[in-house]
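The values are calculated or read from the model by the stated rules, or taken from the named source; none is laboratory data. From a predicted model like this one, the values you see are computed outputs, not experimental measurements. So basically every Cβ, Gly included, is an ideal-geometry build from the backbone, and we count neighbours across all protein chains shown.
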Amino acid sequence: MAKSPSDAHEWVSFEDEKEERTWRFDLTFLESNWNCIFGNGCQGVLTGPTPELVQGCCSYGAHLVDKADANNVRAKAKLLTDEEWQFKNVAPKDVISRTKDGEMITVLQDDACIFLNRVGFEGGPGCAFHVAAANHGESYVGWKPEVCWQVPLRREDEGDDDDHITTSIGQWDRRHWGEGGAEFHWWCTEAPEAFTGKDRVVDSMKDELIAMAGKKNYGKLLAYMNERAERTVAGVALPHPTLRVKESD
């Protein structure tokens, strides 16, 4: 008899009211209590454990999705102060460079993103944009590069021959980083220690989900998940694979 797959995820889909689009959401991840543990156990994405560097997933710079994303980074960089950004006075005029393949990426400084404040900085380690957003009383969604505020959520659009788009929002896995992802010593959606938050991802990442799917679609998703939770007698219907592996050890 076949065994139930240990890496199964449950998804829900519904149609957009105004667009030719179907929305798909990874319920298993969104119902989990994953939370970012940057500076609190995160081992980084280098080839070995480096929690002492406090670089999180910022070691390789931020890959920008389009010109609008890049221009927003440039504009926000000009607003950063010396207290918010460690490398403000040594940064090049253009903080965006291009790879050999033509991809736009934030400039590196000392082998990590130039916007990552390092251990020893008076303001503490972490993203300069994150600090600035907090200082302005704003969500960091409008400040950070798109990939940075989305991770570990990932949006993927797929069109068909009838111009109908299916948009999937789920967790960012190693494979989404390409060949380099396999070289990561550690990745947070695979680490039980990152699934220790007090809230569901659908609640803790509300701003990010609204920015990715729109307020109305987020509202529909949240209503469905809340109704589903009421129908579920014994907690989460399908625990996240990372936690199922831990329970079976």
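Of note:
- Condition met for Val131 (buried (at least 20 other Cβ atoms within 10 Å of the Cβ) and of a type in the set (Val, Ile, Thr)): yes
- Residue match in segment 166-182 (condition: basic (Lys, Arg), at pLDDT below 95 and either assigned by TED's automatic domain parsing to the domain that holds Asn40 or over 16 Å from Leu30 (Cα atoms) (or both)): yes
- Some residue of segment 17-30 being of a type outside the set (Val, Ile, Thr), within 18 Å of Arg174 (Cβ to Cβ), surrounded by 19 or more Cβ atoms within 10 Å (Cβ to Cβ) and in contact (Cβ under 8 Å) with a residue 60 or more places away in the chain: yes
- Selection status of Val65, farther than 22 Å from Arg175 by Cα, among the hydrophobic types (A, V, I, L, M, F, W, C), touching a residue at least 60 places away in the same chain (Cβ under 8 Å) and assigned to a loop (DSSP other than H, G, I, E, B): no
- Filtered residues of segment 62-89 (kept if small (Gly, Ala, Ser) and either modelled with pLDDT under 95 or touching a Phe, Trp or Tyr at 6+ places or on another chain (Cβ under 9 Å) (or both)): Ala62, Ala77
- Test: residue in segment 203-223 that is hydroxyl-bearing (Ser, Thr, Tyr), out of contact with any helix residue (DSSP H, G or I) (no Cβ under 6 Å at 6 or more places or on another chain) and either in a helix (DSSP H, G or I) or modelled with pLDDT under 95 (or both): yes
- Inter-residue pairs, beta-carbon under 6 Å, first within 14 Å of Val54 (Cβ to Cβ) and in segment 122-133, second charged (D, E, K, R) and buried (at least 20 other Cβ atoms within 10 Å of the Cβ), 6+ apart: Ala128/Glu84; Val131/Glu84
- Residue among Glu156, Glu103, Glu146 that is out of contact with any Leu (no Cβ under 9 Å at 6 or more places or on another chain) and of a type in the set (Asp, Glu): Glu156
- Here Asn33 fulfils each of the conditions (1) more than 30 Å from Tyr224 (Cα to Cα); (2) outside the structural domain of His136 (by TED's automatic domain parsing) apart from (1).
- Residue check for Thr47: in a strand (DSSP E or B) and either more than 17 Å from the chain's Cα centre (by Cα) or surrounded by fewer than 17 Cβ atoms within 10 Å (Cβ to Cβ) (or both): no
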